[in-house]
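Okay, so here's the structure we're looking at.
The values are calculated or read from the model by the stated rules, or taken from the named source; none is laboratory data. Please read all numbers here as calculations on a predicted model, not as lab measurements. Ideal geometry is used to build each Cβ from the backbone, glycine not excepted, and the neighbour counts take in all protein chains shown. Quick note on the areas: whole protein, heavy atoms, side chains included, nothing else; ligands and nucleic acids left out. Shrake-Rupley method; radii C 1.70, N 1.55, O 1.52, S 1.80 Å.
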Amino acid sequence: MESDRLEDIYIDDLSVKVCGEYTYYPEAVATEFVDTSDYPSLKEEYKDYFRIGTATSPNLLDKEPYAKIIKAQYNSMTLGNSFKPDSILDHNKTVRDVEKYMYSPAVKFDAVKTELDFARDNGLTVRGHTLVWHSQTPEWLFYKNYDIGGELADRETMLARMENYIKNVMEWTEENYPGLVRAWDVVNEAADDGGGMRKSLWYQTVGEDYIEQAFMFARKYAPEGTKLFYNDYNSYQTRKQNDIITFLRPVVEAGNIDGMGMQSHINVNINITLYMAALQKYYDELGLEINVTELDVCRGKGDNWQQEQGDYYKKFMSEILKLRKNGVPITSVTLWGISDTDSWISSDYPLIFNDDLSRKPAFDGMIEAVKNQE
Ligand code: XIL
């Protein structure tokens, strides 16, 4: 920016747009890992209550210490990125023959195999994440002839693309890994933080019934017994919760949804009573099963943050267990990653293991919660 006069320059209406897609693939940075074989096991301790899961990344699974701790601690996993539309949709193939793929974009599954093989070979079940989302979904999907220089595609075209995408992903998965995926996050993050529905490209092209449509297609192609979930963050906040309940009600009435996924990217200052009341309400109002799908708890600022965070994890899990005992069908709790380094928000140190896989008070808190139930 240049000016030949010495004046103040004000910039307004600045907007920044992401070009292309960005996915953070976590790395393990520790060079030495501790021996984790004598740790108590979360999946064992919680086996009478619900599954305990983690988010994975293909490049961590071939690291022995990681593979070992996942096998010992968890009986559920969520592919952290590999099942998302930007990893499944095949742009090159689609645009090479637009006529052929007009209503059914080409898909490829190379990215999911490492993680699905690992799950199958080690007896973990999988939460499929995610089918219909505004993020990590390529923009070209939403355009007429897949040309982002042109206009958005019409409703009928987008409904067909949605249906075929869901069909292709579900059918491929069931054919190649029968029974492995026990739940799908069919729609992710449809609520707008400012209230109402997010005006995503799905919303703009299909219209405000896109959630109902997505669940209808998902039910049509999901194998018998596979659970269908809606998933969102901050879904414990009163206003967001009310919006979610409003737009899920018709889906519930149509019989096309089974569960509510609480992402739960939270921090040590979030009121646990409020959070638990929200879980109770999803069950009371919609009769949905509950999964905590992406738990991580950002640390506080004080010197004693490790202990404070440990206490929080303990209290959180104690209350989850209590709610379950009182009849709220909580069927899994998944942590969003293994150690603080492989977390998507690693600078907040939100997980239960340190970089070298030594256990944090957060891990001990989760174990204590289940051992010392009231
Ligand atoms: C995150 C992944 O962990 C990152 O690796 C990626 O770069 C961005 O997405 N809500 C979701 C998850 O539903 O899919 C997101 O995962 C975290 C927020």
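Side notes on the structure shown:
- Under 5 Å, built H, 5+ apart or other chain: amide partners of THR130: LYS84
- For segment 259-299, relative contact order (Cα pairs under 8 Å, six or more residues apart, normalised by length) works out to 69 percent.
- Reachable lysines from LYS315, criterion Cα separation under 29 angstrom, eight or more residues apart if same chain: LYS43, LYS47, LYS68, LYS71, LYS227, LYS240, LYS281, LYS301, LYS325, LYS360, LYS371
- Kirkwood Rh in Å, taken over the chain so that all alpha-carbon pairs contribute: 21.8 Å
- Accessible carbon and sulfur surface of segment 52-121 relative to its total accessible area, %, 1.4 Å: 48 percent
- Taking the average, over residues, of other Cβ atoms within 10 Å as the packing measure, peptides 182-190, 250-258 rank 182-190, 250-258 from highest down.
- Within the straight-line cut-off of under 14 Å between alpha carbons, the aspartates and glutamates reachable from LYS144 are ASP97, GLU99, ASP154, GLU156, sequence neighbours fewer than 8 places apart in one chain being disregarded.
- Build a GNM of the chain with springs between Cα atoms under 10 Å apart, and of ILE270, ILE244, ILE11 the one that fluctuates most is ILE11.
- Placing dummy labels 7 Å off each Cα toward the beta-carbon, the span from TYR10 to ILE345 is 3.4 nm.
- Accessible solvent surface per residue of the chain, calculated while the other protein chains remain in place, 1.4 angstrom probe, Å²: 46 Å²
- Taking a straight Cα-Cα cut-off under 12 Å and skipping sequence neighbours fewer than 8 places away in the same chain, the aspartates and glutamates within cross-link reach of LYS108 are ASP86, ASP90.
- Computed helical MRE - 222 nm, the chain, DSSP H runs ≥ 4 contributing -39500 (n - 2.57), nearest 500: -11500 deg cm²/dmol
- Choice from GLU224, GLU139, GLU208 with maximal GNM fluctuation in the chain (Cα, 10 Å cutoff): GLU224
- With viscosity 0.890 mPa s and temperature 25 °C, the Kirkwood radius over alpha carbon pairs of segment 1-144 converts through Stokes-Einstein to a diffusion coefficient of 130 µm²/s.
- Put simply, the Cα atoms of segment 148-249 extend 41, 39, 21 Å along their principal axes, the longest span coming first.
- Using the average count of surrounding beta-carbon atoms within 10 Å as a protection proxy, the listed peptides 347-357, 151-161, 300-310 rank, highest first, as 347-357, 151-161, 300-310.
- Working from Cα pairs under 8 Å separated by at least six residues, relative contact order for segment 162-318 is 21 percent.
- Residues ASP356 and ASP90, FRET efficiency given R0 of 51 Å [Cβ-Cβ distance, rounded to 0.05]: 0.85
- In terms of overall dimensions, segment 262-309 has a Cα radius of gyration and Dmax of 13.2, 42 angstrom.
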